[in-house]
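Report on the following structure.
The values are calculated or read from the model by the stated rules, or taken from the named source; none is laboratory data. A quick note: this is a predicted structure, and the numbers were derived from the prediction, not measured. No Cβ is skipped: glycine too gets one built from the backbone with ideal geometry, and neighbour counts run over all protein chains shown.
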Amino acid sequence: MQAAEEAGKIYEHTQDESRVECIIDRMMGANSEKTAVIYKGRRWTYGDLRVRVDLQKARLADAGLFEKNRVIVWMENSPEYVAAYLAILELGGIVVALHPQTTAEEVKRIIRHLGAAGLIVSPAMKQWALGDFEPTGLRFLFAGEDLHRMQYHNSGHVVPEGVAQIIYTSGSTGRPKGVVLTHRNLIANTRSILSYLQLTTDDSVMAVLPFVYAYGNSVMLTHLFAGGTLVIENNMLYPHVVLDSMIKAGVTGLSGVSTTYALLLNHSNLKSYAFPALRYLTPAGGPMRLELLSRIRAVFPDRRIFLMYGQTEASARLTFLPPDLLDLKNESAGRAIPGVSLKIVKEGGETAGPDEVGEVWACGDNIMQGYWQDTELTADVLRDGWLRTGDLGRLDTDGYLTIVGRNNEMIKSGAYRISPNEIEEVLLQHPDVQEAGVVGIDDPILGQKICAVVSLRTTGVLTNQDLMAYCAQRLVQYKRPKVITIVPALPKSPSGKILRPRLREIGSLNVPAPVVSEQVANPHLADIEERRWSKLRRVV
Amino acid sequence: MTMIETDLRQYLVNNLLFGRSDVSVGGDTSFLESGLIDSTGVLELVAFLEEKFHIKVEDEDLIPANLDSVNALIRFVEGKTTTSHSRR
């Protein structure tokens, strides 16, 4: 571990490099023989990556990519993803990456929302047909290397200067939100993370998080900025596959969300593995239970563990807790990363004092420009240069932040933030559904799992399995409810507001609540749940 | 179709296809690549295999070669049940 730090080189990035791709191009030039990406057993050097970017650039230029054009990259983590990302930026375009499981319907909606010019689809994507995208106004579509030219419709959107990337995230209104990030945002955030992780050219990370989201994106950028190596493994379902890749590649870092660590701890012989090269772990992407953290520490007692907290709207990162303070500040999400300021704002708008609870606000060069084409929502969260995070927390006298709750209903499941409204809207579009309420309930692997409680217009016409199938056709897998419970009526307050805590109780028990009649749920589902829990109990 | 395959396909229809028996899943179709399964889906599948076929799925068995398609599952279950019988 120490030898790697001494041998590796830490690059000093100069302030005059104002574009992401310029910084990475310098790394590609300086490290052409060094491994940039390991994927499916193959090593891609920075020189190979440079060649691939040039090829992709030539194709995109030929297809008609111009400055400020939005190009959707609908791909899994891969060297081709990295090449497409850099090629778009080098041509002055804007990257909009979408999760590989996104449905064709969602992609179409986002194309129209963006006024996108291009779409790059991985050959691995099977859930679409060319006809799906012909009427969307795209100029071009790449299916792998095959170019399809289309009838472009110029949306006329005015695009701010310096935008590098738009990351779509689930919105509290149910509509997707496009978080607009500039080169300045991404560079500020990446340099700040590098300053405390101290990544060198000898570092390599196990990249299991999707690059399309903020956390995975920051893992990708920090390692490319450092001249390090991305070891890509898209197969987190099978923990042993990930562990074998870690050993084989000799990774020095593991970046994951709670689910990543829970899967490794609960469903592998993690303790029997040795990771001589592993230097650091970065759990982030949502709250981590202390019990889970202590188990991670027990397995990796001598490795540096950086707890981190952030948001897509902050390009990823807002705080980190230095490894040597894990015991002293064991409930804290850490202090602001370099270049970020935090404050706590009370309900009346007054800044809170030490240890007083309020909403967490943040400012810095990493804070987004706003939401794409949504000035109202932007004005709601960006106030005088500060980002309202929507999270409740307190700062202690040393400036360490503790998150005490979320002041919205967003569900955090695995690596994803999901709006209940988005799922409720899909359920309510079913002609036989009268009411729908969606909540997240605690899950030892996912953090939270999605639970839907539904009432029908006519009893007996639908089973929860019918509704599962309905959701499967309309929602990407990670947004689909794991449990759907059918009840005669949703629990409500006297004013008619749905009582979400009661929905959580119904979902947690997966048995009839007092308002629930005999028509509840498919008993088979409850059996599966019980068997799953017994399996977990056995393993834990 | 063997009894094992019948049971596995029934599970597939009920739990991964949510009752859609009209959807055809090839014997070698990857559950992962086709988006049919996620991490909790794998754990549910394991619980089903243990109960239905009276086998023990070890953590080291959780690899795609054993679980990621109908044919892989058939081979895995047959292998496990054979081992189990030969030990009796």
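Considering the conditions (1) in contact (Cβ under 8 Å) with a residue 40 or more places away in the chain; (2) over 30 Å from A:Gly162 (Cα atoms), A:Asp432 is excluded by exactly one of them, (1).
State whether one or more residues within segment A:158-180 are buried (at least 17 other Cβ atoms within 10 Å of the Cβ), of a type in the set (Val, Ile, Thr), at pLDDT below 90 and within 26 Å of A:Lys412 (Cα to Cα). Yes, some residue in segment A:158-180 is buried (at least 17 other Cβ atoms within 10 Å of the Cβ), of a type in the set (Val, Ile, Thr), at pLDDT below 90 and within 26 Å of A:Lys412 (Cα to Cα).
On the given criteria, is A:Val212 more than 14 Å from chain B (Cβ to nearest Cβ), part of a loop (DSSP other than H, G, I, E, B) and not polar (S, T, N, Q)?
Working: more than 14 Å from chain B (Cβ to nearest Cβ): yes; part of a loop (DSSP other than H, G, I, E, B): yes; not polar (S, T, N, Q): yes.
Criteria met by A:Val212.
Applying a threshold of 7 Å to beta carbon distances and a minimum spacing of six or more residues, or different chains, the list of pairs starting in segment A:263-287 at a residue that is in contact (Cβ under 8 Å) with a residue 40 or more places away in the chain and ending at one that is surrounded by fewer than 20 Cβ atoms within 10 Å (Cβ to Cβ) and in a strand (DSSP E or B) reads A:Arg279/A:Arg304; A:Tyr280/A:Arg304; A:Gly286/A:Lys412; A:Pro287/A:Ile403. Has segment A:78-86 got at least one residue that is within 14 Å of another protein chain (Cβ to nearest Cβ), assigned to a loop (DSSP other than H, G, I, E, B) and at pLDDT below 95? No, that holds for no residue.
Within segment A:350-374, being assigned to a strand (DSSP E or B) and of a type in the set (D, E, K, R) holds for one residue alone: A:Glu359. Condition check for A:Val205 on (1) farther than 30 Å from A:Gly250 by Cα; (2) hydrophobic (A, V, I, L, M, F, W, C); (3) assigned to a strand (DSSP E or B): one failure, at (1).
Does A:Trp74 qualify as being buried (at least 19 other Cβ atoms within 10 Å of the Cβ), of a type outside the set (A, V, I, L, M) and modelled with pLDDT under 95? So A:Trp74 does not fit the description; no.
Only one of the numbered conditions (1) under 19 Å from the mean Cα position of the chain (by Cα); (2) under 30 Å from A:Cys363 (Cα atoms) is violated by A:Ala226, and that is (1).
The single residue among B:Asp68, B:Asp38, B:Asp28 that is at pLDDT 90 or above and closer than 13 Å to A:Leu237 by Cα turns out to be B:Asp68.
What is the residue count in segment A:113-131 for residues that are under 14 Å from A:Leu98 (Cβ atoms) and out of contact with any strand residue (DSSP E or B) (no Cβ under 8 Å at 6 or more places or on another chain)?
So the first thing to find is which residues in segment A:113-131 are under 14 Å from A:Leu98 (Cβ atoms), and the list is A:113-114, A:116, A:118-122, A:124-125, A:127-128.
Keeping just the survivors that are out of contact with any strand residue (DSSP E or B) (no Cβ under 8 Å at 6 or more places or on another chain) gives A:124, A:127.
Here the count works out to 2.
Count of segment A:441-472 residues, restricted to those that are within 28 Å of the chain's Cα centre (by Cα) and touching a residue at least 60 places away in the same chain (Cβ under 8 Å), is 6.
If only residues of segment A:230-239 that are assigned to a loop (DSSP other than H, G, I, E, B) and of a type outside the set (A, V, I, L, M) are counted, the one that is farthest from the other protein chains (Cβ to nearest Cβ) is A:Glu233.
Checking each residue in segment A:110-144 for being under 21 Å from A:Tyr85 (Cβ atoms) and within 14 Å of chain B (Cβ to nearest Cβ) picks out A:Ser122, A:Pro123, A:Ala124, A:Met125, A:Trp128. Within segment A:450-466, being within 12 Å of chain B (Cβ to nearest Cβ) and touching an Asp or Glu at 6+ places or on another chain (Cβ under 9 Å) holds for A:Leu462, A:Asp466. If you go through segment A:123-149 and keep only what is part of a helix (DSSP H, G or I) and without any contact (Cβ under 8 Å) to a residue 12 or more places away in the chain, you end up with A:Gly131, A:Pro135.
Go over the candidates A:Gly405, A:Gly399, A:Gly385, A:Gly437 one by one and state the one that is at pLDDT 95 or above and either in contact with a strand residue (DSSP E or B) (Cβ under 6 Å, 6 or more places away or on another chain) or aromatic (Phe, Trp, Tyr) (or both).
Numbers: A:Gly405 fails: at pLDDT 95 or above; A:Gly385 fails: at pLDDT 95 or above; A:Gly437 fails: at pLDDT 95 or above.
Result: A:Gly399 is the single residue among A:Gly405, A:Gly399, A:Gly385, A:Gly437 that is at pLDDT 95 or above and either in contact with a strand residue (DSSP E or B) (Cβ under 6 Å, 6 or more places away or on another chain) or aromatic (Phe, Trp, Tyr) (or both).
Can you find even one residue in segment A:485-508 that is in a strand (DSSP E or B), within 27 Å of A:Arg109 (Cα to Cα) and either touching a residue at least 40 places away in the same chain (Cβ under 8 Å) or away from every other protein chain (no Cβ under 14 Å) (or both)? The answer is no, given that none of the residues of segment A:485-508 is in a strand (DSSP E or B), within 27 Å of A:Arg109 (Cα to Cα) and either touching a residue at least 40 places away in the same chain (Cβ under 8 Å) or away from every other protein chain (no Cβ under 14 Å) (or both). Every test in (1) touching a residue at least 12 places away in the same chain (Cβ under 8 Å); (2) under 24 Å from the mean Cα position of the chain (by Cα) is passed by A:Arg303 save one, and that test is (2). All of (1) surrounded by 15 or more Cβ atoms within 10 Å (Cβ to Cβ); (2) at pLDDT below 50; (3) within 14 Å of chain B (Cβ to nearest Cβ); (4) more than 30 Å from A:Lys271 (Cβ to Cβ) hold for A:Asp527 with one exception: (1). The number of residues in segment A:341-393 that are touching a Lys or Arg at 6+ places or on another chain (Cβ under 9 Å), polar (S, T, N, Q) and without any contact (Cβ under 8 Å) to a residue 60 or more places away in the chain comes to 1.
Can you give me the ranges of the helices (runs of 4 or more DSSP H) entirely in chain B with at least 1 residues that are more than 10 Å from every other protein chain (Cβ to nearest Cβ), of a type outside the set (Lys, Arg) and out of contact with any Pro (no Cβ under 7 Å at 6 or more places or on another chain)?
On the way: elements: B:3-11, B:39-53, B:64-67, B:70-87.
Output list reads B:3-11, B:39-53, B:70-87.
Any chance you could count how many residues in segment A:375-422 are more than 27 Å from A:Cys471 (Cβ to Cβ), assigned to a helix (DSSP H, G or I) and of a type outside the set (A, V, I, L, M, F, W, C)? Of the residues in that region, 4 qualify.
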